[in-house]
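Before any comments, here is the structure.
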Ligand SMILES: [Fe+2]
């Protein structure tokens, strides 16, 4: 199984993809044409993602045919069609019908959008799960994998059995890290929900469902082949709200979001992919701040939407941001627009966002010292919700679990991060007082260890 197959006759196009592939060490196969493969198929023709260049295809109605051939000659989990400019709805529907999953503009090859899609489909194709969430004497409706580290491949442990006896479960427990395939997320969530037992397990199931609909939300907002209607936008937003609400219900019992988030981590810390994790934190703190359930769900939805605009910035800027490197002035100017772009994207795809939600998203990078962006609002005008979102992005990044290290002390990380926030001029004093109170009530920082800050 290889990561990427690219079909293009355009050397510039190929170079662009090669550049991305080398950055993430994707195993890539390049072909200039695929018609000859109909009679002489590749020996190894299974790829996680196919990127098909449709930029040189003069007749738009040929695009459907290209996708059909691609689906015939390659076995792919996800197929991206790249076109020179936005195609009409009828063409988009046709290529989707023939098997394209996502339509991208040629000009977007340079944006962080490509990284997001490839990361979700290739790097996060397998999702870590916990052995203690599996229940003896149940039947699995999905496969469980383990990672052969030196080969970088995932192999199914459950290839020959589906009924979980005590003995088999013990064997699975003995494997250090276990995974499921992303396509089985729903089956896994249903399994967890069916085999109730403890709140942490149920909350994790809801968190995974939220992650799944988040990806769908991102696709709806960024796919150039999506022609959303008010109906579709409303439905998707309702579904996200429903999953946020269900997650919130279980979070109330669990309280410690790190039990849910870090064990179900999907995506790179510090990247847009962490949005559902931020929503999870926001749910707990929002309730303890005193927001009612509906307003807490609003806040969680803001967390999902607030950084989608970052997918439109150049990939170079996104990589710098991930590694905390300085942006040049032009990159920074563009970056400063992302809260506005997030709202623009949501509205352009007909997501019915209330005025206050738009305002929260716009304010997620404003600062108490009026040095934020995009409007440089003064501190006392900032609302609690956007300041909390900003705080949580930083906290989540600071809570990153590094490979091969012992589990971090989350209490200490939170206390240290709160102290840093109190010492900075980023947040207004009203927010900081409310935040500290809410974090204490939620048990995210313990009263008795307040002094234990290093
Ligand atoms: Fe942001």
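Every number here is computed from the coordinates shown, using simple stated rules; none is lab data. Everything numeric here is computed off the predicted structure, so don't read it as measured data. All Cβ positions, even for glycine, are placed from backbone atoms using ideal geometry, and neighbour counts span all protein chains on display.
Some points to look at:
- Global geometry of the stretch 202-453, whether rounded, prolate or oblate, following the gyration tensor of its Cα atoms and the 1.5 cut on a/c: rounded
- DSSP-defined beta bridges in the stretch 2-110 - what % are antiparallel, rounded to 5: 0
- Cα gyration tensor, the stretch 2-110 - rounded (a/c under 1.5), prolate or oblate: oblate
- Whether the chain is rounded, prolate or oblate, judged on the alpha carbon gyration tensor where a/c under 1.5 counts as rounded: oblate
- For the chain, the relative contact order comes to 11 percent (Cα pairs under 8 Å, sequence separation of at least 6).
- Counting DSSP beta bridges with both ends in the chain, the antiparallel % (nearest 5): 40
- When you count the other C-beta atoms within 10 angstrom of each residue and take the mean per peptide, 166-173, 106-113, 85-92, 390-397 line up highest first as 390-397, 106-113, 85-92, 166-173.
- Likely footprinting exposure, 29, 365, 338, fewest C-beta neighbours within 10 Å first: 29, 365, 338
- Separation of alpha-carbon centers, the stretch 119-180 and the stretch 182-232, rounded to whole Å: 20
- Most tightly packed first, judged by the mean number of other beta-carbon atoms within 10 Å of their residues, the peptides 421-432, 298-309 read 298-309, 421-432.
- Rounded to 10°, Cα long-axis angle of helix 293-305 versus longest principal axis of the chain: 50
- Exposure proxy shown here: for 116, 161, 126, the number of other Cβ atoms within 10 Å sets the order, fewest to most, as 161, 126, 116.
- Sorting the segments 16-24, 252-260, 275-283 by their residues' average number of neighbouring beta-carbon atoms within 10 angstrom, most packed first, yields 275-283, 252-260, 16-24.
- Relative to the longest principal axis of the Cα atoms of the chain, helix 199-222 runs at roughly 60 degrees.
- Folded to 0 to 90 degrees: helix 230-254 orientation relative to the chain principal axis, Cα: 50
- Multiplying the residue separation of residue 86 and residue 416 by 0.36 nm and subtracting their alpha-carbon distance yields 114.0 nm.
- For the stretch 69-98 versus the stretch 348-375, the gap between their alpha-carbon centres in whole angstrom: 35
- Paramagnetic reach from residue 42 in the stretch 91-113 [backbone N under 19 Å; point 7 Å along Cα→Cβ]: 99-102
- Taking label positions 7 Å along the Cα-Cβ direction at both residue 234 and residue 332, the computed distance is 4.4 nm, reported to one decimal.
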